[in-house]
């Protein structure tokens, strides 16, 4: 599954691009593995603490309220959290739990876990020299970026629906179209609030630089969420995003993606065949465009 890292500039890698980092010999048949908490060193805990503290300080005025309210559920930042402790709280809140994985996992395994309300979290942490940029998603990106919004009931339901849809997409040879949905919502989504645009995507929220860029930079375009338009849109994998899609609420996101996507895929493919894909940074005629907000 292609997933974004939490560095200064986002990059994705599939398993065919380079050998994935992590000890896959520990993985079970579903690619999950136990979190060996005792393996973390004092330096590992310190790296997590510094990453957490830096990102937490940037959230006000840039992250959505739901995320800010839920991030405390990760526990004290002085040490890397234990997965079972977070899962206990998460199960009570929305019926989700987190499971360890050694790193990047295949698409179908990823979809299957989401469909079961089990979110895969990489169990290793970046080295100190990778503090500002790590090639693959590590425990900080997965925990800090993704897990807090799983405490929100509507977003939690959306993630399960996405996993179930992914299993179907793999049978319909539509994983690339569905990956664009994940990229532009779960990883790099923005939400409109009465106080302005705010980030909810994990790739934004766990990045030292993209959080402010996504909300305030005049170099990016911000357009209203429209499912088929989004699925036709290319994305940047080696720079900050040139386009961000803006939702009005998590309920809008869930409602737009709950129906059967089979006719959606057919319509998108027909439109691509006719008009081509849409390059990142493009604004279409008549499209709702969000102005650059004032500095937060």
For the chain, evaluate the Debye formula with one uniform point scatterer on each Cα (no solvent term) and list log10 I(q)/I(0) at q = 0.10, 0.11, 0.13, 0.14 Å⁻¹, rounded to two decimals.
-> -0.50, -0.61, -0.87, -1.03
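Under the rule a/c < 1.5 gives rounded, and otherwise a/b versus b/c splits prolate from oblate, where does the range 227-296 land using the Cα gyration tensor? Write out the running numbers ahead of the final one.
On the way: a/c = 1.99, a/b = 1.28, b/c = 1.56.
Here the range 227-296 falls in the oblate category.
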Could you give log10 I(q)/I(0) at q = 0.10, 0.14, 0.17, 0.20 Å⁻¹ for the range 172-296, computed by the Debye formula over C-alpha point scatterers of equal weight, without solvent?
-> -0.29, -0.58, -0.86, -1.18
When only Cα pairs under 8 Å and 6 or more residues apart are kept, what is the percent relative contact order across the range 207-255?
-> 40 percent
Over the chain, relative contact order from alpha-carbon pairs under 8 Å, at least 6 apart, % | 21 percent
Arranged from highest to lowest average of other beta-carbon atoms within 10 Å per residue, in what order do the peptides 197-208, 105-116 appear?
-> 197-208, 105-116
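Shape of the range 22-116 from its Cα gyration tensor (a ≥ b ≥ c, root eigenvalues): rounded if a/c is under 1.5, otherwise prolate when a/b > b/c, or oblate?
Numbers: a/c = 1.89, a/b = 1.30, b/c = 1.45.
The shape class here is oblate.
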Angle in degrees between helix 153-171 and the longest Cα principal axis of the chain, rounded to the nearest 10 | 70 degrees
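Using helices alone, what [θ] at 222 nm do you get for the chain, with -39,500 (n - 2.57) per DSSP H run of 4 or more residues, divided over all residues and rounded to the nearest 500? Show your work: numbers first, answer last.
On the way: 11 runs with 109 residues, N = 296.
About -11000 deg cm²/dmol.
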Per 10 angstrom bin, beginning at 0 and ending with the bin that holds the maximum distance, the Cα pairs of the range 100-184 fall in percents of 17, 45, 30, 7, 0
Largest first and rounded to whole Å, the semi-axes √(5λ) derived from the alpha carbon gyration tensor of the range 78-134 read 23, 17, 7
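To two decimal places, what compactness ratio does the range 26-74 give when its Cα radius of gyration is scaled by 2.2 N^0.38 Å? Spell out each step's value before the answer.
Values: Rg = 15.1 Å, N = 49, 2.2 N^0.38 = 9.7 Å.
Taking the Cα Rg and dividing by 2.2 N^0.38 Å, one obtains 1.57.
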Using all C-alpha to C-alpha distances in the range 167-227, build P(r) with 5 Å bins and read off the rounded percent in each one.
-> 4, 17, 23, 23, 14, 9, 7, 3, 0
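Calculate, in nm to one decimal, what residue 164 and residue 89 gain on full extension: separation in residues at 0.36 nm each, minus their alpha carbon distance.
Additional length available on full extension: 24.6 nm.
Readers should treat all values here as calculations from the given coordinates under stated rules, not as data from a laboratory. Values in this document were obtained by computation on a predicted structure and should not be read as measured data. Ideal geometry is used to build each Cβ from the backbone, glycine not excepted, and the neighbour counts take in all protein chains shown.
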